[in-house]
Structures are given as structure tokens and as C-alpha cells.
1. Does residue 82 fit the bill of being in contact with a helix residue (DSSP H, G or I) (Cβ under 9 Å, 6 or more places away or on another chain), in the same structural domain as residue 118 (by TED's automatic domain parsing) and buried (at least 20 other Cβ atoms within 10 Å of the Cβ)?
2. Which of the strands (runs of 3 or more DSSP E) found entirely inside the range 96-189 contain at least 3 residues meeting this: of a type outside the set (Gly, Ala, Ser) and in contact with a helix residue (DSSP H, G or I) (Cβ under 9 Å, 6 or more places away or on another chain)?
3. Provide a single number: the residues in the range 301-314 that are in a helix (DSSP H, G or I), surrounded by 16 or more Cβ atoms within 10 Å (Cβ to Cβ) and not hydroxyl-bearing (Ser, Thr, Tyr).
4. Somewhere in the range 353-371, is a residue farther than 25 Å from residue 16 by Cα and buried (at least 21 other Cβ atoms within 10 Å of the Cβ)?
5. So which of 364, 341, 298, 315 ends up being touching a His at 6+ places or on another chain (Cβ under 7 Å) and closer than 21 Å to residue 224 by Cα?
6. Being touching a helix residue (DSSP H, G or I) at 6+ places or on another chain (Cβ under 9 Å), of a type outside the set (A, V, I, L, M, F, W, C) and part of a loop (DSSP other than H, G, I, E, B) is the filter here; which residues of the range 235-277 pass it?
7. Exactly one condition in (1) of a type in the set (Gly, Ala, Ser); (2) farther than 20 Å from residue 333 by Cβ; (3) modelled with pLDDT under 95; (4) not assigned by TED's automatic domain parsing to the domain that holds residue 326 is not met by residue 261; state its number.
8. Test of understanding: among 352, 309, which residue is among the aromatic types (Phe, Trp, Tyr) and under 30 Å from residue 69 (Cα atoms)?
Amino acid sequence: MIGKDDIASIIEDYDRLKLRVGMTASHSALDICDGAIEEGFPTVAYCQKGREKTYSEYFKTQRTTSGRVRRGMVDKSIVLDSFNDVMNPDMQSQMRKRNVVYIPNRSFTSYSSIDDVENNFHVPMFGSRNMLRMEERTEDQDYYWILDKAGLPYPEAIEDPQDIDCLVIVKLHHAQKKLERGFFTCASYEEFVEKSQTLLKEGTIDQESLDGARIEKYVIGPVFNLNFFYSPLEEDMPKLELLGVDWRFESSLDGHVRLPAPQQMTMPAHQQIPEMTVVGHNTATIRESLLEEAFELGEKFITASKEHYDPGIIGPFCLQTCIDKDMNYSIYDVAPRVGGGTNVHVSVGHPYGNATWRKPMSSGRRIAMELRRAAEQDRLLEVLT
């Protein structure tokens with residue numbers, strides 16, 4: 001693991017008045033870029049060839065002769081053959097020469113191996129480098145592990161498919177779309193066998209992933225992604241902030257639920273089992289009487305992170321929750337970095353973040369604000385890893 005001394009040595013050569021914000025050009029990159037521009041940081045998007053135009057053309061910045069941004073939010077787009085080319089030592093050398101601070105998102109840890117992120121990416125990262133591995137459900141210390149250590153609620157696991165006696169969700173990777181989900185639901189062992197065999201024949205899932213799948217009780221209720229921010233620098237006000245809430249659009253699931261039940265029943269076999277591929281997000285708020293408990297979830301997660309992942313969570317993190325009919329939270333996923341749904345807050349922010357800061361406050365802008373504060377107070381080592 002690249003340690004604090006390594007980062008200290010790198011930023012010793014940085015010009016702290018000329019920091020640039022860099023990121024993998026996917027996932028939440030627009031939110032990161034927009035927030036950085038709002039706080040006065042130049043932005044660098046590391047793109048993959050064939051997927052660069054969103055950043056290199058359509059959201060490219062246009063500046064006046066004085067440097068003020070008139071349009072867009074991406075100052076520089078660097079087009080790579082592969083997202084993983086950021087692991088090239090020469091590329092990292094260029095990043096350091098540009099004083100780049102890298103903001104990790106899920107695309108970064110999906111297209112590059114977690115071992116490389118931890119040990120071979122010699123560029124300062126905003127956030128918790130040592131916590132990114134927990135997102136891999138194949139790890140012994142995955143996010144369920146820390147949820148258990150924190151005493152936080154999460155769906156009960158079922159170890160043996162033959163013990164299924166209620167509605168469950170089976171979590172595993174999609175066989176063809178390597179970065180997507182091959183999740184499915186069922187309510188009995190017989191249904192588990194029937195659906196899994198159908199998906200195996202279609203090539204949607206593979207046997208290895210099925211053998212290692214996590215089966216957990218399905219919590220029936222709306223989903224809310226809680227986009228938190230923890231500030232190590234804050235001294236006068238609460239260190240934990242709830243910046244916003246979002247929820248997902250999933251294909252083909254959302255298309256299924258718009259069909260009448262009789263129509264769903266007559267669909268051919270290959271269309272009957274919906275996929276759960278995230279294709280978009282929308283913003284949301286939560287009933288006020290449930291907000292305090294939401295903050296309690298965040299506080300417990302922070303406490304556990306400090307105990308098991310020194311120095312603990314830094315900056316943005318997302319607890320993906322479901323609220324049941326008795327108004328109980330269950331956490332079904334954790335993102336120890338900026339969440340995937342924060343693009344709904346680009347430029348306009350969210351009621352919670354805006355109300356906290358009395359101005360539009362997205363996750364991207366809050367990251368940039370903390371980075372600026374750390375640079376001004378000579379406390380960069382408290383937020384960079």
C-alpha cells in the first residue's frame with residue numbers, strides 16, 4: 001500500500017497554488033469537474049479512446065482572456081487507448097508534473113486492478129485509498145464485513161439456496177457485461193434453480209459467479225442512496241454532512257414494471273427475467289423524521305472506518321439503503337468514494353447540501369472545497385492518500 005510518507009514526498013514537489021483535479025472520465029467525472037471549476041481548480045479528464053467526446057468536445061471549457069470560465073467544465077482531456085493506461089509510469093509522471101490530485105470513482109477501480117490502485121498508482125488521491133478494496137464482494141473484508149463491525153443494518157444472507165423460504169436477491173456479476181450485474185430475484189429453491197438455469201443458458205451469468213453469489217433477503221421498499229461527506233478538517237461544526245440523496249433507473253427492470261402484469265406473464269422466456277443495469281439517476285429527499293437515523297448510519301460507519309482502516313473514511317462516501325414498511329433502513333451496498341448518482345446534483349446541488357452551505361453544493365464541489373481548504377491550511381496530508 002502506498003503510504004503517507006510516499007504521498008508526503010510526492011506533494012513536497014507540488015505547487016500548491018496550481019493544483020489540478022484529475023479523474024477517470026466516466027461515472028461521476030462531470031460532477032467532479034463541475035465542482036472543481038466552481039472552486040477555481042483546472043480539470044483534467046483521463047478518457048478512453050472512443051468514449052472521449054463527452055469530455056473533449058461537449059463539456060469542454062471555454063475561458064475568457066482573463067481565465068474566467070464561460071462554458072463547460074473540462075479543461076483538458078487526455079485520450080488513452082485504455083482507462084488502465086493511467087497506471088503507466090510515464091503517464092503518472094506527467095500527472096505529478098501537472099500537480100494533479102486524482103479523485104477516485106468506481107470506473108477508476110473497475111478498469112484498473114485494486115492491487116495497482118493500492119500499490120502502483122503514485123499520484124496523490126483525495127479520499128481513502130485503503131478502503132476502496134471493500135467494494136469487491138469477493139474480498140474477505142468486503143463492505144458487509146465493515147457493516148457488521150459497525151453494527152449497521154444490512155439484509156440477512158442465506159448461505160444455502162435450498163434454505164430460500166422468502167423473496168431473495170441473488171447478487172453476482174454479469175457474464176457478458178463484465179462491469180454490470182447479473183442479479184436476479186426468487187422466492188424458493190425451485191425458482192432459484194429455474195431462473196439460474198435460464199440465465200446460464202442465455203449466457204447472462206456463468207457457473208463460477210453463481211457458485212460464489214451472495215444470496216440475501218430482499219428488502220421491499222424504496223431505495224435511497226445517501227451521499228455523505230466526512231471532513232477531517234472541520235473544527236467548529238459537525239464533520240459529517242449529508243450532501244444529497246438519489247435513486248436509480250435500472251434497465252430492463254424499470255421497463256418491466258411499466259408493463260401490466262398480464263403482459264409480463266406472456267413475454268417469451270428470454271425477456272421474463274429483468275436485468276438490473278444502472279442507466280441513470282434521479283434526485284430525492286427523505287421524510288424528515290428519518291433524517292436523524294440516516295446521520296446515525298453515517299456516524300457509525302465513520303467510527304468503524306477509523307477503527308479498521310486508519311485514518312478512516314475521508315471525504316465522500318455513499319450508503320445505499322432501502323427503507324421498509326416499518327421505516328427501518330437496510331444498507332445493501334457501500335461506496336467508500338464519490339457515489340455514482342451525484343451527477344444529478346451537478347451545478348444545482350441538492351436541498352440538503354445547499355441548505356448546509358447556503359449555496360449550490362454538489363459532491364464534486366464539496367470535494368474541491370475541502371481540497372482548497374487543505375491547501376490553504378497546509379493540511380493536504382489529512383485528505384490525500
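The values are calculated or read from the model by the stated rules, or taken from the named source; none is laboratory data. Keep in mind that what you see is a predicted model, and the values were worked out from it rather than measured. We place every Cβ from the backbone using ideal geometry, glycine too, and count neighbours over all the protein chains shown.
1. no
2. Once the strands (runs of 3 or more DSSP E) in the range 96-189 are filtered for at least 3 residues that are of a type outside the set (Gly, Ala, Ser) and in contact with a helix residue (DSSP H, G or I) (Cβ under 9 Å, 6 or more places away or on another chain), what remains is 100-102, 184-186.
3. Counting residues in the range 301-314 that are in a helix (DSSP H, G or I), surrounded by 16 or more Cβ atoms within 10 Å (Cβ to Cβ) and not hydroxyl-bearing (Ser, Thr, Tyr) gives 4.
4. yes
5. Of the residues listed, the single one that is touching a His at 6+ places or on another chain (Cβ under 7 Å) and closer than 21 Å to residue 224 by Cα is 341.
6. Residues satisfying the conditions are 238, 239, 274, 275.
7. (4)
8. That would be 352, the only listed residue that is among the aromatic types (Phe, Trp, Tyr) and under 30 Å from residue 69 (Cα atoms).
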